[in-house]
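Enquirer: First the structure, then my questions, so here it is.
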Amino acid sequence: MPEFTPLPFDEAIDYHRQKVRIPTRKWDDLKAGMHSRAFVIAGAMKDSLIADFQSAVDKAISRGTTLAEFRKDFDNIVKRHGWSYKGSRGWRSRVIYQTNVSTAYQAGRYKQMLSPNVVKTRPYHMYVHGGSKDPRPDHLSWDGLILPYDDPFWAQ
(Lines give C-alpha, C1' and ligand atoms only; values in the text may rest on other atoms or scores of the structure.)
Protein backbone atom coordinates (compact mmCIF):
# COMPACT_ATOMS: atom_id res chain seq x y z
CA MET A 1 0.00 0.00 0.00
CA PRO A 2 1.38 3.45 -0.85
CA GLU A 3 2.37 5.84 1.90
CA PHE A 4 1.06 9.36 1.79
CA THR A 5 2.78 12.40 3.17
CA PRO A 6 0.44 15.19 4.23
CA LEU A 7 0.88 18.42 2.31
CA PRO A 8 1.24 21.67 4.23
CA PHE A 9 -1.82 23.91 4.07
CA ASP A 10 0.07 26.99 2.85
CA GLU A 11 -2.87 29.39 3.01
CA ALA A 12 -3.60 28.48 6.64
CA ILE A 13 0.08 28.69 7.57
CA ASP A 14 0.40 32.09 5.86
CA TYR A 15 -2.69 33.40 7.65
CA HIS A 16 -1.34 32.38 11.04
CA ARG A 17 2.17 33.70 10.39
CA GLN A 18 0.98 37.18 9.37
CA LYS A 19 -0.51 37.74 12.82
CA VAL A 20 1.15 40.27 15.12
CA ARG A 21 1.58 39.38 18.79
CA ILE A 22 -0.40 41.65 21.12
CA PRO A 23 -0.59 41.32 24.92
CA THR A 24 -4.14 41.28 26.33
CA ARG A 25 -5.67 40.84 29.75
CA LYS A 26 -9.02 39.51 28.47
CA TRP A 27 -10.19 37.81 25.28
CA ASP A 28 -12.35 40.80 24.36
CA ASP A 29 -9.66 43.49 24.76
CA LEU A 30 -9.55 43.66 20.96
CA LYS A 31 -12.40 44.51 18.64
CA ALA A 32 -13.65 41.56 16.58
CA GLY A 33 -11.96 42.57 13.32
CA MET A 34 -8.58 42.99 15.00
CA HIS A 35 -8.40 39.30 15.87
CA SER A 36 -7.80 38.44 12.21
CA ARG A 37 -4.50 40.36 12.32
CA ALA A 38 -3.43 39.78 15.92
CA PHE A 39 -2.21 36.74 17.82
CA VAL A 40 -3.42 36.99 21.40
CA ILE A 41 -3.62 34.74 24.42
CA ALA A 42 -5.97 36.23 27.01
CA GLY A 43 -4.04 37.00 30.17
CA ALA A 44 -0.63 36.74 28.48
CA MET A 45 1.17 40.05 28.91
CA LYS A 46 4.80 39.12 28.06
CA ASP A 47 5.85 39.06 24.42
CA SER A 48 8.15 36.08 25.00
CA LEU A 49 5.23 34.06 26.42
CA ILE A 50 2.98 35.00 23.51
CA ALA A 51 5.80 34.21 21.05
CA ASP A 52 6.21 30.72 22.53
CA PHE A 53 2.47 30.06 22.22
CA GLN A 54 2.49 31.40 18.67
CA SER A 55 5.32 28.98 17.81
CA ALA A 56 3.45 26.06 19.37
CA VAL A 57 0.31 26.93 17.41
CA ASP A 58 2.41 27.34 14.25
CA LYS A 59 3.74 23.83 14.77
CA ALA A 60 0.19 22.52 15.15
CA ILE A 61 -0.91 24.20 11.91
CA SER A 62 2.17 23.50 9.79
CA ARG A 63 2.90 19.96 10.99
CA GLY A 64 -0.60 18.88 11.96
CA THR A 65 0.20 18.15 15.59
CA THR A 66 -2.65 16.88 17.74
CA LEU A 67 -4.23 18.51 20.77
CA ALA A 68 -2.41 15.97 22.97
CA GLU A 69 0.93 17.02 21.45
CA PHE A 70 0.01 20.70 21.80
CA ARG A 71 -0.77 20.14 25.49
CA LYS A 72 2.82 19.00 26.05
CA ASP A 73 4.02 22.26 24.49
CA PHE A 74 1.43 24.16 26.56
CA ASP A 75 2.74 22.60 29.79
CA ASN A 76 6.36 23.39 28.90
CA ILE A 77 5.53 27.01 28.02
CA VAL A 78 3.51 27.55 31.20
CA LYS A 79 6.30 26.06 33.33
CA ARG A 80 9.09 27.98 31.56
CA HIS A 81 7.32 31.32 32.00
CA GLY A 82 5.65 30.63 35.36
CA TRP A 83 2.37 31.73 33.79
CA SER A 84 -0.81 31.63 35.88
CA TYR A 85 -3.93 31.31 33.75
CA LYS A 86 -7.66 31.13 34.33
CA GLY A 87 -9.57 27.90 33.85
CA SER A 88 -8.45 24.30 33.89
CA ARG A 89 -5.45 23.08 31.91
CA GLY A 90 -7.66 20.97 29.67
CA TRP A 91 -10.07 23.79 28.90
CA ARG A 92 -7.40 26.48 28.40
CA SER A 93 -5.13 24.41 26.18
CA ARG A 94 -8.11 23.25 24.08
CA VAL A 95 -9.39 26.81 23.60
CA ILE A 96 -5.97 28.08 22.48
CA TYR A 97 -5.44 25.11 20.16
CA GLN A 98 -8.92 24.86 18.62
CA THR A 99 -9.48 28.59 18.21
CA ASN A 100 -6.20 29.21 16.43
CA VAL A 101 -6.00 26.04 14.34
CA SER A 102 -9.61 26.17 13.17
CA THR A 103 -9.47 29.92 12.46
CA ALA A 104 -6.33 29.49 10.36
CA TYR A 105 -7.86 26.54 8.53
CA GLN A 106 -11.07 28.44 7.75
CA ALA A 107 -9.15 31.56 6.65
CA GLY A 108 -7.04 29.37 4.37
CA ARG A 109 -10.11 27.70 2.88
CA TYR A 110 -11.76 31.07 2.33
CA LYS A 111 -8.69 32.36 0.50
CA GLN A 112 -8.80 29.28 -1.72
CA MET A 113 -12.52 29.81 -2.37
CA LEU A 114 -11.81 33.36 -3.61
CA SER A 115 -9.10 32.28 -6.04
CA PRO A 116 -10.04 33.50 -9.56
CA ASN A 117 -9.88 29.96 -10.94
CA VAL A 118 -12.21 28.66 -8.23
CA VAL A 119 -14.64 31.58 -8.52
CA LYS A 120 -14.84 31.01 -12.26
CA THR A 121 -16.07 27.44 -11.79
CA ARG A 122 -17.80 27.81 -8.40
CA PRO A 123 -19.30 31.30 -8.22
CA TYR A 124 -21.65 30.51 -5.32
CA HIS A 125 -21.03 29.92 -1.64
CA MET A 126 -23.28 28.02 0.72
CA TYR A 127 -23.64 28.76 4.42
CA VAL A 128 -23.33 25.56 6.43
CA HIS A 129 -24.06 25.77 10.13
CA GLY A 130 -21.53 24.02 12.33
CA GLY A 131 -22.44 21.73 15.17
CA SER A 132 -22.54 24.35 17.92
CA LYS A 133 -24.18 23.20 21.17
CA ASP A 134 -25.76 26.62 21.64
CA PRO A 135 -26.37 28.01 18.14
CA ARG A 136 -27.57 31.51 17.43
CA PRO A 137 -31.02 31.58 15.81
CA ASP A 138 -29.75 33.63 12.84
CA HIS A 139 -27.03 31.07 12.14
CA LEU A 140 -29.53 28.23 12.16
CA SER A 141 -31.81 30.13 9.78
CA TRP A 142 -28.93 30.66 7.32
CA ASP A 143 -28.04 26.96 7.12
CA GLY A 144 -28.12 25.95 3.45
CA LEU A 145 -28.29 29.55 2.20
CA ILE A 146 -26.66 29.85 -1.26
CA LEU A 147 -25.53 33.23 -2.59
CA PRO A 148 -22.99 34.53 -5.14
CA TYR A 149 -19.46 34.58 -3.73
CA ASP A 150 -19.40 38.40 -3.88
CA ASP A 151 -22.77 38.99 -2.20
CA PRO A 152 -22.52 41.58 0.62
CA PHE A 153 -23.87 38.91 3.00
CA TRP A 154 -20.43 37.26 3.08
CA ALA A 155 -18.78 40.49 4.25
CA GLN A 156 -20.77 40.51 7.52
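Enquirer: Which ones in segment 109-146 are closer than 22 Å to Glu11 by Cβ and over 22 Å from the mean Cα position of the chain (by Cα)?
Expert: Scanning segment 109-146 gives Pro116, Asn117, Val118, Val119, Lys120, Thr121, Arg122, Pro123, Tyr124.
Enquirer: Residues in segment 115-154 that are loosely packed, with under 13 Cβ neighbours inside 10 Å, outside any helix (DSSP H, G or I) and of a type in the set (A, V, I, L, M, F, W, C): how many?
Expert: Of the residues in segment 115-154, 3 are loosely packed, with under 13 Cβ neighbours inside 10 Å, outside any helix (DSSP H, G or I) and of a type in the set (A, V, I, L, M, F, W, C).
Enquirer: Then there is this: From Thr103, Thr24, which residue is touching a strand residue (DSSP E or B) at 6+ places or on another chain (Cβ under 7 Å), hydroxyl-bearing (Ser, Thr, Tyr) and either on the phi < 0 side of the Ramachandran plot or surrounded by 13 or more Cβ atoms within 10 Å (Cβ to Cβ) (or both)?
Expert: Thr24
Enquirer: Then there is this: Return yes when Tyr85 is surrounded by 14 or more Cβ atoms within 10 Å (Cβ to Cβ), assigned by TED's automatic domain parsing to the domain that holds His16 and part of a helix (DSSP H, G or I) and no when it is not.
Expert: Judged against the criteria, Tyr85 is not a match.
Enquirer: Also, quick follow-up: May I ask you to list the residues in segment 45-64 that are assigned to a loop (DSSP other than H, G, I, E, B) and among the small types (Gly, Ala, Ser)?
Expert: Passing the criteria: only Gly64.
The values are calculated or read from the model by the stated rules, or taken from the named source; none is laboratory data. The structure displayed is predicted, hence computed values, not measured ones. Don't worry about glycine lacking a Cβ; one is built from the backbone with ideal geometry, like all the others, and counts go over all protein chains shown.
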